[in-house]
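Asker: The structure follows.
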Amino acid sequence: MSDLEHARLLIRIAARDLKALRGMLDPKTFDDEVFGFHAQQAVEKTLKGWLSFLGEQYPRTHDLEELGATLRARGSVVPDRFSGLFELTDFASSSVTRRAERRKNPSIGCPFCGP
């Protein structure tokens with residue numbers, strides 16, 4: 001897959017997360033953690049798509065600040081107003097931590113997820 005094709009794929013995935021977010025606008029129906037996770041994923045995939053579009057390898061990370069810094073190091077201008085989005089990293093971190101904990105102890109949290 002070419003860099004451009006990969007960039008397009010990542011942007012399509014980000015668009016799906018944005019579409020999901022539009023359906024999650026009622027805070028009575030969706031917890032902030034669920035909304036935040038999809039927001040983080042949309043931003044992450046967009047930043048990685050941007051790097052792919054530039055023909056750059058991106059780090060294997062969920063850290064949005066790191067991805068923004070990688071773009072800046074490659075000469076891209078990441079507007080200062082985007083910096084607030086980098087705080088969404090915490091939503092990915094908590095999700096990754098929960099998945100790791102469930103792998104270590106399957107009795108935690110998700111009774112219908114299986115082993």
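Since every read-out is calculated from the coordinates, none of them should be taken as a lab result. Treat the numbers as computed from the prediction; the structure is a model and nothing was measured. Don't worry about glycine lacking a Cβ; one is built from the backbone with ideal geometry, like all the others, and counts go over all protein chains shown.
Asker: Output wanted: per-residue J couplings in Hz (rounded whole) for segment 19-31, from phi through Karplus 6.51 cos²θ - 1.76 cosθ + 1.60, θ = phi - 60°, x for Gly and Pro.
Answerer: Using θ = phi - 60°, the values come out as 4, 4, 4, 4, x, 10, 6, 8, x, 6, 9, 10, 5 Hz.
Asker: What FRET efficiency do you get for residue 65 and residue 25 if R0 is 30 Å and r is their Cβ-Cβ distance, rounded to the nearest 0.05?
Answerer: 0.70
Asker: Calculate the radius of gyration of the Cα atoms of segment 3-96 to one decimal place, then report Dmax, the largest Cα-Cα distance, as a whole number, both in Å.
Answerer: Computed over the Cα atoms of segment 3-96, radius of gyration and Dmax are 13.4, 42 Å.
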